[in-house]
Structures are given as C-alpha cells and as structure tokens.
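These notes are about the structure you will find just below.
We did not get these values from a lab; they are worked out from the coordinates using the rules stated. Here the structure is a predicted model, which means the values were calculated and not measured. Please note: Cβ atoms are built from the backbone with ideal geometry, for glycine as well, and neighbour counts cover all protein chains shown.
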Amino acid sequence: MAGRTEGLARPARALRVVGRPVRKVDGLAKCTGALRYADDIILPRMLFCRILRSPVPHARIANVDTSKAARMPGVKAVLTGPDLPIPFGILPVSQDEHALCVDRVRFVGDPVAAVAAVDEDTAFEAIQAIGVDYEPLRPVFSIDEAIRTPEPRIHDYGDSGNIHKQVALEFGDIEHGFREADAVFEDLVFYEGSTHLAMEQHAAVAQADPDGKVTLWSSTQTPHYVHRALAKVLGMRPAHVRVIACPNGGGFGGKSDPFNHEIVVAKLALITGRPVKVTLTREEVFYCHRGRHPVLMQIKTGVRRDGRIEAMHFRSFLDGGAYGSYGVASTYYTGALQTVTYDVRNYKFEGVRFFTNKPPCGPKRGHGTPQPRFALEVHLDKVAEALKIDPAEIRLRHLVPPNTLTVNSLRVGSMGLRACIEKVVAGSDWKRKFRLLPPGKGIGLACSSYICGAGLPIYWNNMPHTGVQLKLDRGGGVTVFCGEIDIGQGSDTVLAQVVAEILGIEPIDIRIVFGDTDLTPVDLGSYSSRVTLMMGNAAIQAAERAREILARAAAAKLEAPIERIGFGDRRVFDVEQPDRGLTFAEAVQAAEAREGTIGTVGSYTPPPSAAKYKGGGVGPSPAYSYSAAVVELDVDPRTGWVRVERVHLAHDIGRSINPVLVVGQVEGSVYMGLGEALMEEQTFRANRNGVHKFPSMLEYKSPTTMEMPEVITYLVEDPDPNGPFGAKEVGQGPLLPIAPAIANAVHDAIGVRIDEVPITPEKILRAIASPSKRCGPKRIPDFAWHDPIRVPTPWAGVVDPARSGDRS
Amino acid sequence: MARVRRSAKKKATQDPARRGGQRTVPAPRGGARVKVHLALEVNGETLEVACASHRTLLEILREDLGLTGTKHGCELGECGTCTVLIDGRPELSCLVLGIECEDRPIVTVEGLADGPRLHPLQETFAELGAAQCGYCTPGILCAAKALLDANPDPSLPEIREALSGNLCRCTGYIKIFEAVELAARRLKDPGAKPARETLYGRQD
C-alpha cells in the first residue's frame, strides 16, 4: 500500500482492536439524546426559513409577487430565483438546478421563493402570501410520454428532446456470442422507484460572520460537494465558506446532492446578518427525493447448455425526473456491474435516462445497481429452470475468478461469492427445500456484488479522495481529523478503531473531528460505499507515520533498536522485553521533546483503472464486495399476501473492522431490500398534476417490526489486498440480492413469475389469473439507439480466450 | 383548538396545488399572539414555559425547553420518532398539546438515566449497534422502557408489538429486538452477555 512504512515491529499478537465488536464511539450519545443533529442546533437570534414550492408540474414563471409577504410583521427577508441566478448540480455535466427557480418550474415541489422570519408560523404564513403567476407547459410523467413529447423540452441540454442521456457500449461481439450459445433467453423487467425515507428530515442552519464569511451546518452526506456548490452559487471564495456536516439521521443516498434549501439559508443568513434554520417537512422530503430511479429493463442472454453466458445484451430505460442529479452516473451504473459476479464473454449495454416532470431521482443505497441486479438474478433463475440446473449450481459454475479483469475491464480482486453461496445453501438446507416445499411455501436464491468506492471522484481532479490528519496530545489522546461524515453506518468508529489498532491505544482515547471543511482534510463523502476502504487506508497511512515518530523516540529512550519497538495496551515497548517500555503518553512526550509538535497526515487515491473507454469511469473500484441470499417465504394464493419467514444472507466483507456493525449493516440492508421488494413505491398521479401518491409515512408503506423476518447473517472474511486490514464494504451490497431472491421464492411457492417490484398482493393475484402465470412489463418502447462504442475485451486477440492467466 | 390548527396545516401542505399561486391570501394573524403559562413535570423537574396554546408537547420540549433529545420524523403521528412517556405510557409528543400535559409526569430520553447511571436499555442499544443513525432511538427507548416497566420478561412477539408504532430505517429492527431482550436479562442479571451470533453473525 502506498505510503505504508516498513521496518516497524508489528504487534507481537494478532489484531487487538480491529475485528472487535466495540461500542460505536457515538453510541451512548445517540442513546441519551446528547448527539446534536442539524435541527437540534439553536443559535441566538435565529430566524426560520420556509420555502414556497411549485403546485404545478411544468410551467413558466410569469411573475412572483412577494410584496405582501415582505411587509408582514416578523418577516426579515424574502428571496426569489433572480436573487440566486447561478445554476448548480452534483455532476459537472448537469449543472441544471437553481436554488430557487428562475423562470421555469419542472415538478410539483420545485422551490420558487423563500422567507426568513422570526418563527416558523410567521414564515409559513408569509410564503402563503406570495403570489406566483404560472403559464402552464405540457408536462410529461412517463418514459413513453417523454419519447412521444420531445417538445417542450424540460431542459435545453441533454441528448435531444426529453432524453437526458443515452449510452451504448459493446464489449466483445455479442452477435458472435449469441451464435456460440445453445439457447437464447429474454426477459422484460421493471423496478419501481422508491425513496430513502431517512427518519431525519433534511435540515440546515446558516450563520454569517461579521467579516462576511458564512458557515452552514447541514444534514448532508457530502459536505465537500456542498461546499463547492455553495461557493459557486453565492459567488464567494470557497475559503470564506465553511460547511459542517452534522451527524445524519439516516442518509441512504438521500442527502448526497447539494440542495436548494442549503443555499437558500446561507443566502438568507448573509442578507439578514442572523442565523437562519430550515427544516423540511416530511412531505417536502418526499418531493426532494433523489431516490431510486424507476427502471424498465430488457435482458437477453445467450447461454451454453452448462449455463455459461456467451453473450448478454442489457437495455435500461430510466425515468429520471426533473433534474440531472446523479442521473448520468445512475444510467451507467444500470449497466456496469452485471459482469463482476458470473463470467460474461460478450456484453452489450444500452441505457437511456429521460427527463420527466416529477421529483428528480438520484442515488439510493445500491445506486443504479439493484434494478439490473433484480433483472439479472430473476432472469438467471429462469435460465436455470429451463436448463434444469439448480440455481445455486448455475451460479457456482460460472463465477468470475478472483484477480481477473471482467469483459468490461473491471478489475476483480478478492472474490468470496463461492463461500457466500455455500454458506446460505448449507444454512438454509436449500437442497432439501428448493422445489420440494409444500404449495404456498417457497425458497429463492440470488447473489450480488457492489463497489467499495467509486474509482473516480465526481468532478475531475487528480487529488486524493480522502485525507486523514492526526494530532497527538501530551496526555496520550489522539485527535483524528477527517472530512468523513457518519450517517449511521459507523464510519467514526471505523476511523477510531483503525487508528487505535496501529497506535496501540483504545478507541475511547481518540476524538474524531469530522465533516468540517474548515477543520478537516477533504473526504469526498459517504456515498458509493467508499468510506471504510478509502478513509481506512488514509488513516492507516497517517497512523503509521505517527507510529514511526513515536517508535524513534521510544527506541532512543529505551536504548533498543527501532525494529523492536511495539505498540499495545496504551504502551510503547521493547517487544523482546515487554516490561521495558513507556506509556503511550510518555512516548508522545519523548517524541515531542525530540522532534517538536507531532502531527501526521495520510491520504488515499484508488488505483488506476483498466477501463479506458468513455463511460469507463463508472464501475471501477478498488474492490468488490459479494453477497448471496436465500429467502424463505410463504404466499397465500387466495390473497396474494407474501410473508417472508427467514432470510439467510452471507456477505463477503473482506475483513470485519467491527463485526457487530457489519452484521447491523447486513440486517439493515436486508430490511431495506424487503421494503423495495414488497411494498415501497415512490409514484405520482399523472391525472392530478403529478402529485405524489403517498407523501407521508403512513401512506408510503415501509416494513415495521411486525413484517421484519428473521435474518441469519454469515460473514465471509477473505481479506482484500486493497482494503484496510483487508476490509470491504457492507452498507449497500447486501440489499441487492433481496428483491430477486423474493421474486424467485414466490415462483418456487406458487409457480408465478413477478417480473417487477414491488411484488404486491394484487400483482400476484393478477399473475395467478393470467394464462402466462406472470406479471411484469410486456413491451419496451421503440427507441433509436446510438451505435455502441465498441470496446475490445481484455482477452481480445489472445489465442485461448477461455481462461485465466491472460485475463489478469 | 390546536388540533384543528394542525389538521388545517396538514391539509394546506398535503395538497401542493393549494400552496402558493393563490390570488386570495388569508390575512395573517395580526398582533401579539396570546401565550399560556404552563408548569410541566419533565424528567422529575417542574419546568415553566410561556407559549402559544397550540404548541405541541414536541415543540415545547425541543424549542422552549431545549430538550432536543426528542426527535421528530413526520409531526403527523405516523412514525413514532417523537415518542415520550406521559404518565408512564408511550405517547406521540407531536400529537399532544402542551396544555394537556400539566400535572402529568413526562419522561424524555434525557430522563431515562439516573444521573450518570444509564438505563440498561441505553447501554444495550449502544453496545449492540441498535442505534445506527440514532435518530429513531430516543423514541424507541421510551417505548421499550414502557414495555419493560410493564413486562420485565417480554417475548419477541411482545417486543415487536410494543415497538410496532416506531419506524426505523437503519437496523431492520433486529438489533433493537436483541437490545431489548438483553436489557431485560440485565435487569435481573447485570452480567448478562449478548449471544455470539448477535455480535459476529452465525459461525457455522
């Protein structure tokens, strides 16, 4: 690993802190009400902001009259679009949002004006006193409508009409692959949109300094990107803008975009000279969205009799909503990771994202990959059935080998899927249950993989993706500075454990300073399952450098060679005479006396990717995690009701830094996958102006304690050379196999195929009643695809393309 | 009266077509708002507050008394996040008016510990990672405390039932169930340990 110091004595024993289920560093603060989330911040003289949102899905703004609102007692400032004219957006290619709409609204919920007032009631009354004249434009609410309605365009950029982004890539030659195949299978699959539903609503507080600087506290997963957007839109030097990420009350991807309300309160603070807070209502959060794209998919494979995939042709149609958000990346992600689980010899991917007049979609846990994973795993279940191969066996036969390049040049390192499948097959007694259970009872299997951090940052730069800085105190404490933000996944704890491991101290000796653009080195944020791997590696580097300084001082003090200096139990000692040593605090003091104030830094940049083609920025990762799931359920054929009894989930974690947190991430992922599979729907009423069907926590169904099944978690530890202590991700991957495993189990139970999620009782009844015993999409739109970019496979031109050595 | 106001507010915000763009605007309530004086018994202390009569207990706790440990997820009584104990029973503080709470002891998450001594639920939730993001945790702790006070040895179905009004998006509830079970055991045996599978997954 770059920057790892050599020649230091390793602790004589095995890992002491890494691998231990230690209590989260913020665990007690969360259980006593002491932890402060964004909305818990109360500042003197604070004003409250409310935002007026569009009641129409698509219109020109003819006039905004704020005069009445501005005159109301208690109102301190009113903003409209022209006050913040500079556009922003998370991706450099889609800077298409305004903090407040300037001349056009594009969905019900688009922000139009904002008020700062002495209290929330006054602000609420004031936004109702703002008059807006809208000139309606024809809205589009679906992919079909977007294709049929190129004008009016929702945005004046993008591919053409209301097509935001179209991509087409061909790796190898699929026609050749289909000719080599013994059979060709095809499926149409739909995955409905869903939203994050973090328990905490988005909130932000801004405060202007008398010298013109501004500070924003926000419930955000990406303080660095918010910092950039804020400086851009406010027209301020980034050095004068400070963003502090507060502990997130859940994120799941929903707090990864820079948001209009964050910019609005910063502006309001600057013009009023007083702190301003905004907290969105739950209904506003439903309209903020940026969640799972609804995706219609076509998957066609040509397979050999033994199940080997000679060719795969995958098409995805994404209903993107009104803005770009992460959509270009999401589109590529619907085609990127089909290749990292089972060997695919030739692969073609065509994907297209449309603008529609609905809240924008973006990244939700699994970002763009649960949809194609659902399609692939359900498809493979049918292929296995047709070829009379056990679904576990067809997967085991064709696993991507470790340390290889896939057809689309993704570098797979450690690959623990075989062990995962074996664990869930054995644990669930699969072989005695599959196709053998009584009617109404079913068992289904599916697998998946996910990235451990995106190989590229969101905006092009050649700087590290993360940085960690250490400050060692004479009292033996260590302060760790890092721009990461804990969204509940436990990243603060991972950071403390990694540093404690290397310095031989305990996590409680460490203070974490996180997510503050003035105080902490940049970490790109809590997305793409990147934090443990990237921040962990940077923390190892920073801690190894500190360890080296302390070892030099201790060696001099103890008159022992530096190679013999060990760390552990809050001591720095001679490993050959362990009772000869210094306390950790004494070692810090000795080092400080010798070398001056001690501070070290570490950083991490992912290894270069082998995917050197346009679009090859999405998919490469330093490592891939793997999961396998077996679901046991029963279906009542009279009501269509599905009751999931038990989920077996094996996850290839590389190494657990903290096993109890890893198990918790698995259980939470299974839960969220169940919600998407069975009930969650972010859908809109086209006949009612495009309003949300279920904009409340009562109507938007999510699993409660009563629906949650038993989850049996198996952790597979096969350390990855790129992971810190071998660790890989766990926050997102285990969600992916749940929905397809449920669909496959429903088929096992009652013989019907539900090729779309959510798998609701009415769809099951419809499938039972239909001659095809299937419920799912029947067609895909006619669409004129671009010619694909042709990319040679890594094994192109090699005489024996079939196997191994030439592929890595 | 305030309940009426709540539902009016809900209606106005739930139908976005009704928001903005309106030609006729209701006149803002002019002049000084009348405040009521309340003395509330919160976490064993009598706390006084002067507030508008329509303030919910949630608003009073968080904004007037600075007890921000109680969180909010919907303010419509749907998610359980703002659960506190009133007269020992779990109640949604977003649906209760402050003026209904005089002379009724209120316990919030800040009142679960006995000085520096944490309630076993607080310890087990932290120990097992039952608090991931931690945002639903204060409400769930209150609901779980009411359960254990009434039933010190609850079965898993009883735990599920008692917490069925509290949504959590992080944990899948499993670590929460395990933390409640462990806390129940700890009340009898302070040395009770979690199952190995809870900490490490199944080890077959």
(message) If you take each beta carbon of peptide B:193-204 and count the beta carbons of other chains within 10 angstrom, what is the mean?
(response) 5
(request) Please name whichever of A:F314, A:V278, A:T356 sits farthest to the positive end of the charge dipole of the stretch A:236-359, dipole taken about the Cα centre and charges placed at Cβ: Lys and Arg +1, Asp and Glu -1. (result) A:V278
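Can you pull out the trypsin sites (Lys or Arg not before Pro) in the stretch A:382-414 whose DSSP state is coil and whose Cβ has at most 12 other Cβ atoms within 10 Å?
A:K388
Treat the protein assembly as shown as a sphere of radius equal to its Kirkwood radius over Cα pairs and apply Stokes-Einstein at 25 °C in a medium of 0.890 mPa s; give the translational diffusion coefficient in µm²/s, rounded to a whole number.
Numbers: Rh = 29.3 Å.
Rounded to a whole number, D works out at 84 µm²/s.
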(request) Go through A:G566, A:G581, A:A546 and say which Cα lies farthest out towards the positive end of the charge dipole of the stretch A:543-583; charges sit on Cβ, +1 for Lys and Arg, -1 for Asp and Glu. (result) A:A546
(message) Show me the ranking of peptides A:715-727, A:732-744 by mean Cβ neighbours inside 10 Å, starting with the highest.
(response) A:732-744, A:715-727
(request) Would you be so kind as to identify which of B:C94, B:G139, B:L76 lies farthest towards the positive end of the dipole of the stretch B:66-204, taking Lys and Arg as +1 and Asp and Glu as -1 on Cβ and the Cα centre as origin? (result) B:G139
(message) About the Cα centre, and with charges only on the beta carbon of Lys, Arg (+1) and Asp, Glu (-1), how big is the dipole of chain A? Nearest 20 debye, please.
(response) 380 debye
(message) If I model a spin label as a point 7 Å beyond the Cα along the Cα-Cβ vector, how far apart are those points for A:V184 and A:W460 in nm?
(response) 3.9 nm
(request) Could you rank the peptides A:204-213, A:227-236, A:112-121, B:163-172 by their average count of other C-beta atoms within 10 Å per residue, with the highest value first? (result) B:163-172, A:112-121, A:227-236, A:204-213
(message) I need the peptides A:444-455, A:762-773 ranked by packing, meaning the mean over residues of other C-beta atoms within 10 angstrom, with the highest value on top.
(response) A:444-455, A:762-773
(message) Compute the distance from the alpha-carbon center of the stretch B:176-204 to that of the stretch A:611-684, in whole Å.
(response) 25 Å
(request) Pop out the ³J(HN,Hα) list for the stretch B:181-189 in order, Karplus 6.51 cos²θ - 1.76 cosθ + 1.60 with θ = phi - 60°, rounded to Hz; leave Gly and Pro as x. (result) 4, 5, 5, 4, 5, 5, 4, 8, 9
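Give me the inter-chain shielding for B:66-73: mean count of other chain Cβ atoms within 10 Å, whole number please.
Partner-chain Cβ atoms within 10 Å, mean over residues of B:66-73: 6.
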(request) Taking the Cα centre of the stretch A:504-650 as origin, work out the dipole magnitude from +1 charges on Lys and Arg Cβ and -1 charges on Asp and Glu Cβ, in debye rounded to 20. (result) 520 debye
(message) Rounded to the nearest 5, what % of DSSP beta bridges with both residues in the protein assembly as shown are antiparallel?
(response) 75 percent
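Assign unit charges at the C-beta atoms only (+1 for Lys and Arg, -1 for Asp and Glu), then state the dipole size of the stretch B:81-121 relative to its Cα centre in Debye, rounded to the nearest 20.
In debye, rounded to 20, the stretch B:81-121 gives about 180.
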(request) Could you go through the stretch A:391-404 in sequence order and give the Karplus-derived ³J(HN,Hα) for each residue, using 6.51 cos²θ - 1.76 cosθ + 1.60 with θ = phi - 60°, rounded to whole Hz, and x for Gly and Pro? (result) x, 6, 5, 4, 6, 4, 5, 10, 5, 5, x, x, 6, 9
(message) Need the full-extension length gain, A:D473 to A:L43, defined as separation in residues times 0.36 nm minus the C-alpha distance. One decimal, nm.
(response) 151.7 nm
(request) Would you calculate, for chain A, the mean residue ellipticity at 222 nm contributed by helices, counting each DSSP H stretch of 4 or more residues as -39,500 (n - 2.57) and dividing by all residues, to the nearest 500? (result) -8000 deg cm²/dmol
(message) Residue by residue through the stretch A:593-608, what is 3J(HN,Hα) from phi via Karplus (6.51 cos²θ - 1.76 cosθ + 1.60, θ = phi - 60°)? Round to whole Hz and write x for glycine and proline.
(response) 5, 7, 10, x, 3, 9, x, 9, 10, x, 8, 9, 10, x, x, x
(message) Using a 10 Å cut-off around each Cβ of peptide A:125-138, what is the average number of partner chain Cβ atoms that fall inside?
(response) 3
